[in-house]
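Questions regarding the structure given below will be posed in turn.
The values are calculated or read from the model by the stated rules, or taken from the named source; none is laboratory data. Everything numeric in this text was worked out from a predicted model, so none of it was measured. Heads up, the Cβs are rebuilt from the backbone with ideal geometry, glycines too, and the neighbour counts pull from every protein chain shown. Just so you know, the surface numbers come from the protein's heavy atoms only, side chains and all, with ligands and any DNA or RNA stripped out. Shrake-Rupley method; radii C 1.70, N 1.55, O 1.52, S 1.80 Å.
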Amino acid sequence: VLARLIYGFRICMTFALALAGISTVLGIVIGAIQGYFAGWIDLTLQRLIEVWSALPFLYVVILLGSIYGQSFAVLLFVMAIFEWIAMSYYMRGEFYKLREQPFVLASRALGASHTRILFRQMLPNAMTPVITLLPFMVVAGISSLTALDFLGFGLQPPTPSWGELIGQGLQNLQAPWVAGSAIGALFITLMLATFIGEGVREAFDPKSHIKLQ
């Protein structure tokens, strides 16, 4: 049980960090394009995002899993194409707010390219949602993978998984340490990820370093 907890932790963290990284990049790029260009580009992308977000996530997982198999890469791909949507909303709002700032208008007047304005000048000033949401995306990735494994739609045995351990514990109630250890490990990991994320957010928050005299 301890060995499966340790290897399951490694798989959960690898999956959650990869999912958060891919989703963050997609959300930043799409949200930046929407907020910067606005107009018909923003409206078109927003309607497409609303249609895409209405698709049932679990059905997509079951469908692609039945076709391509329930592997690590397939689960990562399916979750990544849904997870970026929330990040894109926040980044869209940030870039909307920044697109009319004097430094952006000056860069346009000087003939800077859209790519340079977006990712060299505007993006560093729009990182607050990224720093705030990233820990919650990691927590959501761990929770989602554990839930899918528990329901049987995630990674298949013999891959070590906390969700599978919880399922085995429910089938063997005479051994409560099986499910209890997995639930305890999940609780501690989610709590530590939240605390670390809160610490990172406070470290990068400029308002925390400002004192009123």
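Please report the equivalent ellipsoid semi-axes of the stretch 3-159, computed as sqrt(5 x eigenvalue) of the Cα gyration tensor, largest first, in whole Å. Please report the intermediate quantities before stating the final value.
Details: eigenvalues 254, 59, 24 Å².
For the stretch 3-159, the ellipsoid semi-axes come out as 36, 17, 11 Å.
Taking 0.36 nm per intervening residue step and subtracting the Cα-Cα distance, what contour gain separates Ala18 from His114 on full extension?
Working: separation 96, 0.36 × 96 = 34.56 nm, distance 2.81 nm.
Extra length from Ala18 to His114 when fully extended: 31.8 nm.
Turning to a different aspect of this structure: Provide the per residue accessible area, probe 1.4 Å, for the stretch 68-176, rounded to a whole number of square angstrom.
Values: 5500 Å² over 109 residues.
About 50 Å² of surface per residue is accessible.
Placing +1 on the Cβ of each Lys and Arg and -1 on the Cβ of each Asp and Glu in the chain, which of Ile41, Ile188, Leu165 has its Cα farthest towards the positive end of the resulting dipole?
It is Ile41, whose Cα lies furthest towards the positive end.
Right, another one. If you build the Cα gyration tensor of the stretch 82-213 and take the root of 5 times each eigenvalue, what three semi-axes come out, in whole angstrom, biggest first? If you can, show how the numbers build up before the last one.
On the way: eigenvalues 385, 72, 16 Å².
The answer is 44, 19, 9 Å, longest axis first.
Report the residue, chosen from Ile67, Ile81, Ile142, that carries the largest GNM mean-square fluctuation when the chain is represented by alpha-carbon nodes joined by springs under 10 Å.
It is Ile67.
Going by Cα centres, the stretch 32-67 and the stretch 119-195 are how many Å apart?
Each part reduced to its Cα centre gives a spacing of 24 Å.
Indicate the gyration tensor shape class of the stretch 1-80 (rounded, prolate or oblate), computed on the Cα atoms with a ≥ b ≥ c the square roots of the eigenvalues: a/c under 1.5 is rounded; otherwise a/b larger than b/c is prolate and the rest oblate.
On the way: a/c = 4.00, a/b = 1.85, b/c = 2.16.
Here the stretch 1-80 falls in the oblate category.
Separate question: Percent of alpha carbon pairs in the stretch 64-145 separated by more than 23 Å? Kindly include the intermediate steps, with their values, before the conclusion.
Numbers: 1413 of 3321 pairs.
It works out to 43 percent of all Cα pairs.
Also, I was wondering about something else. Run the numbers for Ile41 and Arg10: contour at 0.36 nm per residue of separation, minus the present Cα-Cα distance, in nm. Could you put the intermediate results ahead of the total?
Details: separation 31, 0.36 × 31 = 11.16 nm, distance 4.06 nm.
Taking Ile41 through Arg10 to full extension adds about 7.1 nm, to one decimal.
Another question about this same structure. Can you check what the net charge comes to around Pro129, using other residues whose Cβ is under 12 Å from the Cβ of Pro129 (Lys, Arg +1; Asp, Glu -1)? It would help to have the intermediate numbers written out before the result.
Working: positive: Arg92, Lys97, Arg201; negative: Glu94.
Result for the neighbourhood of Pro129: +2.
How many nm is it between the label spots at Leu170 and Ile196, if each spot is 7 Å from the Cα in line with the beta carbon?
2.8
At 0.36 nm per residue, and after removing the present C-alpha to C-alpha distance, how many nm does the segment from Lys97 to Val1 gain when stretched out fully?
Details: separation 96, 0.36 × 96 = 34.56 nm, distance 5.09 nm.
Answer, rounded to one decimal: 29.5 nm.
Something else now. Please give the FRET efficiency for Leu55 paired with Ala147, using the beta carbon to beta carbon distance and R0 = 22 Å, rounded to the nearest 0.05.
Working: r = 18 Å, r/R0 = 0.83.
Computed FRET efficiency for Leu55 and Ala147 comes out at 0.75.
Counting only protein heavy atoms and a 1.4 Å probe, tell me what percentage of the chain's accessible area is made up of carbon and sulfur. Don't skip to the answer; put the middle values down first.
Details: 8620 of 12070 Å².
Answer for the chain is 71 percent, counting heavy atoms of protein chains only.
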